[in-house]
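Below: one structure, written as structure tokens.
Read-outs: derived from the displayed coordinates by stated rules, not from any lab. The model shown is predicted, which means the values in this text are computed figures rather than measured ones. So basically every Cβ, Gly included, is an ideal-geometry build from the backbone, and we count neighbours across all protein chains shown.
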Amino acid sequence: MKIREVVIHNFRSFKDATIYMADYCLLIGANNSGKSSVLDAVRAFYEKDLKFDFQRDFPKFATEDKESWIEIEYELTTEEAETIRTEYRQAGDRFRVRRVLYSAEKGSLHLYAYEGGILSTNQFYGEDSVGKGKLGEIVYIPAVTRIEDVTKFSGTSPLRDLVNTIFKKLVKNSEAFTSLQDAITKFGKDIQTEETPDQHSLQGLEDDINAGLDEWQAKFKLKVNPLSETEVVKSLLDYEIFDEILNANQSASSYGHGFQRQLIYRLLRISANYSIRKAPPKKKEFSPDFALLLFEEPEAFLHPPQQSQLDRDLRKLSDEVGRQVIISSHSPQFVSHATDHIPGIVRLQRYDGQSVIGQIRPDFLAKFFTENQEINNLASGLKNYQAGVDEEKLEMESVKYFLWLNPDRCGVFFSKRALIVEGPSEVVLINYLIQTGKIRLPTGGLFVIDALGKCNIHRFMNLLSALKIEHSVLHDQDPNKTGDDKTFHERINKLVQTSRNSFTRKIHVFDEDLETFLGVTIPDREYRKPSRLLLALKESGIDEYRIEALCKLVEDLAGISASTHLAAS
């Protein structure tokens, strides 16, 4: 069983949102965009250490009703689908459940099933306690976690629960535990009569107390209690970290936060695996084996190679039957690894106090890729531009995004606005002018992304639109081409214009190209252009008025006006 869709209604910054959930789902976006609220919505649905609080969780903006609820649709394995109640099963071996978190009707705060595809007034499997047990387990790792909270033995913690699970089974037939209990019993008897150097004993203390209780016909007695398995774990067990380099034991707190987070993750993951293992049911009943990991900012305190390793570990976990992972992240490193399955990327952004979802769902993916391949039709019949057999495959579009969206380019997903340019020359020049304070930035920042050529600009426009990222475009007209080159560039220029969408702010086309606009001559070899342009800028080889014109143009494309309050770079 795995979650395939989450619907959020009137919860915090969400009015109505529907999210497709892949096996490995990545929630991304700027701070305060709603990532944690999605995780908390799932936690509230499962009542995992979080219950709905009206003051905290009901939206502060105007709503159409005064009800808050979360719906989750699950996809079942064939075996699970055969055991769920027939009235719950929907097309594609799915079922859907709604938890009402808040309502004017207090008696309606329950889990409700969809029956025959329609929301029923019947509670899921009759009672919440029963229905909740049919939905699996979740493990939540917050962005900030103390190592002590998950490893303490003196109170409830994942480590103590994990050890208890094993220890209780061990002691049932353990000779070592029986010997320990016998030794404690013998100790309890022997210690009573042993004396201190000044001839005091526990037996003597009892006698002194009882001397004043004779008329009550009752006696005071001290005893040493036998050790239960729970008490052994609570009071006698502890842990330490053996440092193989120092060849010495260390406390976990002596290590950095990166190690501590990894230890926490391992403990919680293993704890989930132990807790959900159930004895085989005596009869065929719906009892899915499902564990969902909710992980906030897994990249915290990890350098890039460690982030990549953790990402691989989480992906491996999500590939297992009955296991699913949802993470929230600010890391372009994590996003770059998710580009081989674009529907698993969920971008959140807040507009006027409300969080909105940008996502390319699986049912839209083929259409999305087909629109990208319009360029193949434009290149048809043109020498040197004709698409090959592999270029015609929709899967090639997925391959291209996987190749292009490296950690650097994935930074665009965290910016409020983007500027799409043709290549590295524009990126180098514009970013340098931003860093030196010559180009002002809009609130929320501006990410300059090169499309690896004009022929890919429409692909990035389509991608940013689907993820609800405002963008502008800057590219060359290239009017001096001849023959097929001229025809191809004219068609591409038109394709860029027709790819304009509701998230496209502006498109500016240089009359010729960037070099002509700046009045500089650059060697024909493309790989030399970025360095030569930047050198010309640093050595005052570009007229100041031309630099000012470029800065003004970029600010205009970014949505900066003279009256706008600006955030300096």
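Assorted remarks:
- For Phe58, nonlocal amide neighbours, meaning residues 5 or more places apart or on other chains whose placed amide H falls under 5 Å from its own, are Arg12.
- Pairs of Cα atoms nearer than 8 Å and 6+ residues apart set the relative contact order; for region 362-558 it is 23 percent.
- For region 29-113: rounded, prolate or oblate by the Cα gyration tensor [a/c cutoff 1.5]: prolate
- In the chain, a dipole from Cβ-located charges (positive for Lys and Arg, negative for Asp and Glu) runs towards its positive end, and of His330, Leu533, Ala62 it is Ala62 whose Cα lies farthest in that direction.
- By the beta-carbon count within 10 Å of each Cβ, the least crowded to most crowded order of Phe61, Phe414, Phe334, fewest first, is Phe61, Phe414, Phe334.
- Using θ = phi - 60° and Karplus 6.51 cos²θ - 1.76 cosθ + 1.60, couplings along region 440-457 (whole Hz; Gly, Pro as x): 7, 10, x, 4, x, x, 9, 10, 9, 10, 8, 8, 6, x, 4, 5, 10, 4
- Within the chain, DSSP assigns beta bridges of which about 50% are antiparallel (rounded to the nearest 5).
- Using alpha-carbon coordinates, inclination of helix 529-538 to the longest axis of the chain, degrees: 90 degrees
- Dipole axis of the chain (+1 Lys, Arg; -1 Asp, Glu on Cβ), positive-most option in Ile241, Pro407, Leu446: Leu446
- The HN-Hα couplings worked out from phi for region 62-74 by the Karplus form 6.51 cos²θ - 1.76 cosθ + 1.60 (θ = phi - 60°) are 5, 10, 7, 8, 10, 10, 10, 7, 10, 10, 10, 9, 10 Hz, whole numbers, x standing for Gly and Pro.
- For the chain, the longest principal axis of the Cα atoms and the long axis of helix 362-372 meet at an angle of about 20 degrees.
- Partner aspartates and glutamates for Lys189 [C-alpha distance under 17 Å; skip if fewer than 8 residues away on the same chain]: Glu206, Asp207
- Under the shape rule built on the C-alpha gyration tensor, where the axes satisfy a ≥ b ≥ c, region 154-237 is prolate, since a/c reaches at least 1.5 and a/b is greater than b/c.
- Dipole-positive endmost among Ser251, Ile547, Thr165 within the chain (Cβ charges, Cα centre): Ile547
- Residue pairs, from the table Lys35/Lys367; Lys168/Lys234; Lys400/Lys454; Lys2/Lys132; Lys51/Lys168, whose Cα atoms sit over 21 Å apart: Lys35/Lys367; Lys51/Lys168
- Taken one residue at a time, the phi angles of region 298-303 give Karplus couplings (6.51, -1.76, 1.60, θ = phi - 60°) of x, 6, 4, 6, 10, 7 Hz. Gly and Pro are set to x.
- For the chain, the Stokes-Einstein estimate of translational diffusion at 10 °C and a viscosity of 1.306 mPa s comes to 55 µm²/s, using the Kirkwood hydrodynamic radius over alpha-carbon pairs.
- Our summary gives region 154-237 a relative contact order of 42 percent, counting only alpha carbon pairs under 8 angstrom and 6 or more residues apart.
- Cα gyration tensor, region 362-558 - rounded (a/c under 1.5), prolate or oblate: oblate
- Reachable aspartates and glutamates from Lys494, criterion Cα separation under 20 angstrom, eight or more residues apart if same chain: Glu371, Glu374, Glu422, Asp450, Asp476, Asp478, Asp484, Asp485, Asp511, Glu512, Asp513
- About the Cα centre, charge dipole magnitude for region 362-558 (Lys/Arg +1, Asp/Glu -1 at Cβ), debye: 480 debye
- Dividing the summed helix terms, -39500 (n - 2.57) for each DSSP H run of n ≥ 4, by the number of residues in the chain produces a 222 nm estimate of -11000 deg cm²/dmol to the nearest 500.
- Degrees between helix 394-404 axis and first principal axis of the chain (Cα, 0 to 90, nearest 10): 80 degrees
- Here's how it looks for Tyr140: its modeled amide H is under 5 Å from those of Leu294, which are all 5 or more places away or on a different chain.
- Taking Cα centre as origin and charging only the Cβ of basic (Lys, Arg, +1) and acidic (Asp, Glu, -1) residues, the dipole magnitude of the chain rounds to 1060 debye.
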